[in-house]
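Here is the structure we will look at, set down as structure tokens.
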Amino acid sequence: MTKYIIQGGKPLYGELEVSGAKNAAVAIIPAALLVDGTCRIENIPRISDVTMLLGILKQMGARVGVVNKNTVDIDCSRVSGTRATFDDMRRIRASYYLLGALLGRYGSASVAMPGGCNFGGIRPIDQHIKGFTAMGASVSVKNGIVTAETAGRAAGAVVYIDVVSVGATINIMLSAALAEGRTVIENAAKEPHIVDLANFLNSMGADIKGAGTNVIKINGVQRLSGGSYSIIPDQIEAGTYMVAAAGAGGSVAVKNVIPKHLVSISGKLREMGVDVYEGEDAVVVTREAPLRRTNIKTQPYPGFPTDMQPQISTILCLARGTSVVTEGVWDNRFRYAGELVKMGGVIQVSGRTAIIEGVPALTGAPLRSCDLRAGAAMVIAGLCAGGVTEIEGVEYIERGYEDIVGKLRGLGADIRSVYAPDKRSLPIRA
Ligand code: EPU
């Protein structure tokens with residue numbers, strides 16, 4: 001068990017490179033199942049979700065070659081089965097993309113579903129199933145395993161998604177790339193990683209148009225062939241460091257980003273009195289004056305991302321005045337608020353709304369991360385607070401942030417990762 005120890009209250013100065021996008025990587029890796037031949041994937045983030053997903057593909061018979069730290073070759077030509085029901089599958093939510101990929105490639109998929117959501121709410125897949133069914137699949141869910149089957153190739157269909165869903169949009173794209181005929185996804189999600197998946201598939205020979213708009217048209221092709229592709233930079237990792245710099249103060253150049261993907265975050269930081277300069281592939285965040293209050297409502301892209309809500313709410317605890325944060329995507333994403341209260345934050349949560357009264361300072365405390373983005377918020381809180389903050393549950397953070405400790409230390413933060421035995425697992429002496 002590892003924990004982070006942060007001596008807070010130091011401003012951040014310097015520059016860092018953002019890694020490849022987690023949520024693009026976890027869609028593109030399963031998409032390799034659709035390809036005949038080897039896919040070289042570059043700018044892959046070194047995070048535990050990626051390691052686990054590559055491990056799952058290997059267990060299924062894929063050959064995975066590590067070319068260098070951020071590049072892998074994946075060859076799925078030896079994958080024989082269409083069942084992916086290993087224990088690891090339950091630990092990574094994006095394993096459900098194997099459903100769309102296996103269904104699209106082999107007309108059959110049996111995939112273990114991840115358990116309940118670690119930020120508190122239910123994560124339904126009814127819209128994924130609606131898409132597969134429209135494409136001619138029979139779908140059943142039994143004993144935690146989802147099975148989808150078509151007689152022959154999946155059939156192109158028009159699918160209207162009832163709730164804008166990243167996962168359903170991606171899964172339908174995966175099952176449609178090799179389907180018979182044309183699939184149209186209406187009310188599709190528009191996140192940058194959806195465009196990235198479409199670009200990956202198109203670079204391997206798929207015919208997908210409209211990704212990034214709310215109507216995506218996929219003309220099924222007979223075959224995808226190997227090639228190489230570089231994943232886009234991670235919008236949420238970039239936003240996390242932008243917010244860290246805004247909270248702790250100082251001046252940080254966040255490099256290897258697509259500034260257009262960050263406009264909702266840059267806009268909110270400017271409302272809070274933070275200077276954000278946009279270059280071609282970098283943003284520079286400088287904060288010298290006290291933070292000002294603002295309101296946030298999370299929405300699907302291009303709205304303010306739900307995956308940045310815990311981080312920005314953390315620094316709103318230190319902004320002058322009262323801020324209202326409304327969660328527009330998930331039912332229950334304020335579980336971390338209790339940890340900020342331990343540090344002196346004043347937050348009242350009611351349903352999908354949090355009311356935050358800014359305080360002049362937070363104080364270090366022992367904290368426990370309960371999910372990936374909540375964990376990132378704990379780190380930001382520790383950097384901003386006076387005194388020492390210890391964070392447990394960092395395995396959540398390392399699911400999605402490559403070398404967060406090293407990157408923050410490079411900006412002058414006093415953060416260490418230390419081994420700490422899990423006392424709860426030790427035998428109790430009678
Ligand atoms: N929804 C349904 N039915 C469905 C699917 C979704 O009702 O069949 C609802 C959900 O309950 C939620 C909303 O639709 O209220 C949006 O869910 P979506 O399907 O877009 O979420 P997801 O695909 O499961 C991805 C990201 C999440 C991110 C959301 C929203 C990946 C692997 N995960 O999840 O990222 O919060 O989109 O942008 O791409 C994270 O990175 O920390 C993370 C949780």
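Treating only the Cβ of Lys, Arg, Asp and Glu as charged (+1, +1, -1, -1), what charge dipole size does the stretch 22-230 show about its Cα centre? Round to the nearest 20 debye. Could the numbers behind the result be given before it?
On the way: 21 positive and 15 negative charges, 53 e Å.
Computed charge dipole of the stretch 22-230: roughly 260 debye.
What are the residues whose amide H is under 5 Å from the amide H of Gly9, where those residues sit 5 or more places off or on another chain and H is modelled from the backbone?
So Gly9 has HN proximity to Cys384, Ala385.
Any chance you could get the radius of gyration and Dmax over the Cα atoms of the chain, in Å?
Rg and Dmax of the chain, Cα atoms, are 21.7, 69 Å.
At most 16 other Cβ atoms within 10 Å and a DSSP loop assignment: could you name the trypsin sites (Lys or Arg not before Pro) in the stretch 176-284 that fit?
Loop-located and lightly packed - Arg223.
Over 31 Å between Cα atoms, which of Lys69/Lys342; Lys22/Lys297; Lys10/Lys190; Lys209/Lys255; Lys260/Lys342; Lys3/Lys142 qualify?
Lys69/Lys342; Lys10/Lys190; Lys260/Lys342; Lys3/Lys142
Compute the semi-axes of the equivalent ellipsoid of the stretch 22-230, taking the square root of 5 times each eigenvalue of the Cα gyration tensor, and list them largest first in whole Å.
The answer is 22, 20, 17 Å, longest axis first.
Short version: ³J(HN,Hα) in whole Hz for each residue of the stretch 205-222, in order, from phi by Karplus 6.51 cos²θ - 1.76 cosθ + 1.60 (θ = phi - 60°), x for Gly and Pro, what are they?
Along the stretch 205-222, the couplings run x, 6, 10, 10, 10, x, 4, x, 10, 8, 10, 10, 10, 10, 8, x, 10, 6 Hz.
Rounded to the nearest 5, what % of the DSSP beta bridges within the chain are antiparallel ones?
70
Quick one: Karplus J couplings for the stretch 394-406, per residue in order, coefficients 6.51, -1.76, 1.60, θ = phi - 60°, nearest Hz, x for Gly and Pro?
Karplus values, whole Hz, x for Gly and Pro: 6, 4, 5, 5, 6, 5, x, 10, 6, 6, 4, 5, x.
For the stretch 236-295 and the stretch 328-399, what is the separation of their C-alpha centers, rounded to whole Å?
Taking the Cα centre of each part, the stretch 236-295 and the stretch 328-399 sit 19 Å apart.
Just to check I understand the Karplus step: with θ = phi - 60° and J = 6.51 cos²θ - 1.76 cosθ + 1.60, what whole-Hz values come out for the stretch 298-307, glycine and proline as x?
Whole-Hz 3J(HN,Hα) from phi for the stretch 298-307: 7, 8, x, 3, x, x, 5, x, 4, 6.
Which chymotrypsin sites (Phe, Trp or Tyr not before Pro) in the stretch 327-369 sit in a loop by DSSP (not H, G, I, E or B) and have at most 11 other Cβ atoms within 10 Å of their own Cβ?
Here no chymotrypsin sites (Phe, Trp or Tyr not before Pro) fit, given the DSSP loop and packing criteria.
So which trypsin sites (Lys or Arg not before Pro) in the stretch 281-375 end up in coil per DSSP with only 13 or fewer other C-beta atoms within 10 Å?
Passing both the DSSP loop test and the Cβ count: no residue.
Once neighbouring chains are kept in place and the probe is 1.4 Å, which whole percent of the accessible area of the stretch 22-230 is contributed by carbon and sulfur? Display every interim value, and only then the final one.
Values: 3710 of 7770 Å².
Heavy-atom surface of the stretch 22-230 belonging to carbon and sulfur, 1.4 Å probe: 48 percent.
Placing +1 at every Lys and Arg Cβ and -1 at every Asp and Glu Cβ, with all other atoms neutral, what dipole size does the chain have around its Cα centre, in debye to the nearest 20?
680
Calculate how large, on average over all directions, the projected area of the Cα convex hull of the stretch 288-413 is; give the answer in nm² to one decimal.
7.6
Counting only complete DSSP H runs, which helices of the chain cover 18 Å or more along their long axis at the Cα atoms and score a mean Kyte-Doolittle of 1.6 or above?
Long hydrophobic helices here: 372-384.
Would you work out the relative contact order for the stretch 22-230, in percent, from Cα pairs under 8 angstrom that are 6 or more residues apart?
For the stretch 22-230, the relative contact order is 21 percent.
Which of the peptides 57-63, 233-239 is most tightly packed, and how do the rest follow, going by the mean number of other Cβ atoms within 10 Å of each residue?
233-239, 57-63
Solvent-accessible area per residue for the stretch 1-94 at a 1.4 Å probe radius, Å²?
Details: 3730 Å² over 94 residues.
Value returned for the stretch 1-94: 40 Å² of accessible area per residue.
So for each of 308-317, 24-33 I average, over its residues, the number of other beta carbons within 10 Å; can you give me the resulting order with the highest mean first?
Per-residue Cβ counts within 10 Å, averaged per peptide and sorted highest first, yield 308-317, 24-33.
Can you give me the relative contact order of the chain as a percent, contacts being Cα pairs under 8 Å and 6 or more apart? Intermediate results must be reported in sequence, preceding the final value.
Numbers: 1069 pairs, mean separation 88.1, N = 430.
In percent, rounded to a whole number, it is 20.
The values are calculated or read from the model by the stated rules, or taken from the named source; none is laboratory data. Since the model is a prediction, treat every value here as computed from it, not as a measurement. All Cβ positions, glycine included, derive from the backbone under ideal geometry; neighbour counts span all protein chains shown. Keep in mind that these areas ignore ligands, DNA and RNA; they rest on the heavy atoms of the full protein, side chains included. Shrake-Rupley method; radii C 1.70, N 1.55, O 1.52, S 1.80 Å.
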